[in-house]
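The values are calculated or read from the model by the stated rules, or taken from the named source; none is laboratory data. As the structure is a prediction and not an experimental result, all values here were calculated from the model. We place every Cβ from the backbone using ideal geometry, glycine too, and count neighbours over all the protein chains shown.
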Amino acid sequence: METVSIKVNIAGRLYPLSVGESEVADLRQAETALEESIQLFQKNYAVKDKQDLLAMTALQFSAKAHKLSHQPKPEPIVEKVIERVEVPVEVRVDCSLSCLIWKPVWTNCYIPNSMF
C-alpha cells in the first residue's frame, strides 16, 4: 500500500498526515463533516472558542458512533433470505423490460394495451 502525505484542516489548524492512498477520500469527507459541524455549532450557539466547538462536535460524533455500534445486526439467515428475495425481483424486472422491447417474441407476458 502506497502512503501519501496530506494536510487536514480542522478548526482552522492544519495537521500533516501520512495515510494510505485508499484512506484519502474518507479523511477528506471526515474533514468536511467536521468543518460543517463546527460551523453549525458556531452559528446556532454563538460560541467563539474553538475548543468548545471541537468538544461539542466530538460529543456529537461519538454519540452517533455509539448508537450505530449498538444497533442489532441482522442474522446470517436473514441476510440469505434477503438475497434470495432480491434476485427474483431483479429477474422479473429484466423480463418485464424485455417484454416491452420484444413484444412478438415474449407472448407469455402481460402487456397492457395502453402502453402502445
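Can you spot a residue in region 25-34 that is in contact with a Lys or Arg (Cβ under 7 Å, 6 or more places away or on another chain) and not acidic (D, E)? The answer is no, given that none of the residues of region 25-34 is in contact with a Lys or Arg (Cβ under 7 Å, 6 or more places away or on another chain) and not acidic (D, E). Residues in region 7-41 that are closer than 19 Å to D52 by Cβ and either outside the structural domain of M56 (by TED's automatic domain parsing) or among the aromatic types (F, W, Y) (or both): F41 only. Selection over region 1-31 of residues that are assigned to a strand (DSSP E or B) and under 25 Å from the mean Cα position of the chain (by Cα) gives a count of 11. For region 32-62, residues that are charged (D, E, K, R), assigned to a helix (DSSP H, G or I) and exposed (fewer than 12 other Cβ atoms within 10 Å of the Cβ) total 2.
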